[in-house]
Amino acid sequence: MSQEIHDHHHAHEPDCGCGCHGDQPNPFEELSPVLDRYADIPGSLITILQKAQELYGFLSVELMRYIALETHTAIAKVYGVATFYTQFRFKPVGKYLIMLCQGTACHVNGSKQVEEAVMDYLDITEGETTPDGLFTLNNVACLGCCSLSPVMMINDDTYGQLTRDKVTHILAELKEKAGQDPMDSEISAQEVNA
């Protein structure tokens with residue numbers, strides 16, 4: 001961690017904009033091991049941003065400002081790198097991030113009908129999150145699973161050869177699982193596809 005965070009205190013200015021958080025606890029403390037390892041390694045900004053997104057779910061302006069401070073990098077560069085790559089998100093996503101493939105094979109095999117099924121069942125459109133914070137729908141160019149088309153990923157699980165009915169079943173199972181045990185709402189693709 002940089003000395004500026006530890007030595008720079010504002011008794012009357014807890015949000016001075018410098019990234020120090022005044023006398024408040026550091027909200028990005030979980031990122032410290034990553035920064036300790038990568039902050040001084042040239043070319044490691046993407047790795048730091050990836051790890052930050054894994055920890056916090058998305059890259060807030062405050063988080064990017066903190067990364068810039070800790071890596072001694074201009075905030076414009078951090079923001080520029082983050083906005084260049086489509087893997088980075090700038091707003092919170094649902095517990096279940098649905099990445100629906102819209103590549104050629106998926107398109108030809110019915111990805112639009114799959115998208116309609118997801119939107120109808122969850123009452124959201126592409127890029128939106130359900131009001132309960134469970135699901136976010138994102139269309140992607142290609143998931144690289146063309147032999148399974150149409151295909152979607154939900155978090156780390158891949159679901160292939162989708163139909164409207166299959167999609168509805170998958171989402172219902174995930175919704176039910178989340179409601180039963182909020183601490184462990186993961187469901188495997190094998191369970192749903194069985």
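Just one of LEU63, LEU100 is in contact with a Cys (Cβ under 9 Å, 6 or more places away or on another chain), at pLDDT 95 or above and under 27 Å from LEU134 (Cβ atoms); which is it?
LEU100
If you check TYR159 against the conditions, is it modelled with pLDDT of 95 or more and outside the structural domain of TYR38 (by TED's automatic domain parsing)?
yes
Return yes or no: is ALA76 outside any strand (DSSP E or B) and either among the β-branched types (Val, Ile, Thr) or over 26 Å from GLY133 (Cα atoms) (or both)?
yes
Among the numbered conditions (1) modelled with pLDDT of 95 or more; (2) within 22 Å of the chain's Cα centre (by Cα), tell me where PHE58 comes up short.
Checking PHE58 against (1) modelled with pLDDT of 95 or more; (2) within 22 Å of the chain's Cα centre (by Cα), the one that fails is (1).
Going through region 27-51 one residue at a time, which ones are within 25 Å of LYS95 (Cα to Cα) and either in contact with a strand residue (DSSP E or B) (Cβ under 7 Å, 6 or more places away or on another chain) or touching a residue at least 24 places away in the same chain (Cβ under 8 Å) (or both)?
Answer for region 27-51, where residues must be within 25 Å of LYS95 (Cα to Cα) and either in contact with a strand residue (DSSP E or B) (Cβ under 7 Å, 6 or more places away or on another chain) or touching a residue at least 24 places away in the same chain (Cβ under 8 Å) (or both): PRO27, PHE28, GLU30, LEU31, SER32, ILE46, LEU49, GLN50.
Given the options GLU54, GLU62, name the one that is among the acidic types (Asp, Glu), within 21 Å of ASN155 (Cα to Cα) and assigned to a helix (DSSP H, G or I).
GLU54
The values are calculated or read from the model by the stated rules, or taken from the named source; none is laboratory data. None of the values given here were measured: they were computed from a predicted structure. All Cβ positions, even for glycine, are placed from backbone atoms using ideal geometry, and neighbour counts span all protein chains on display.
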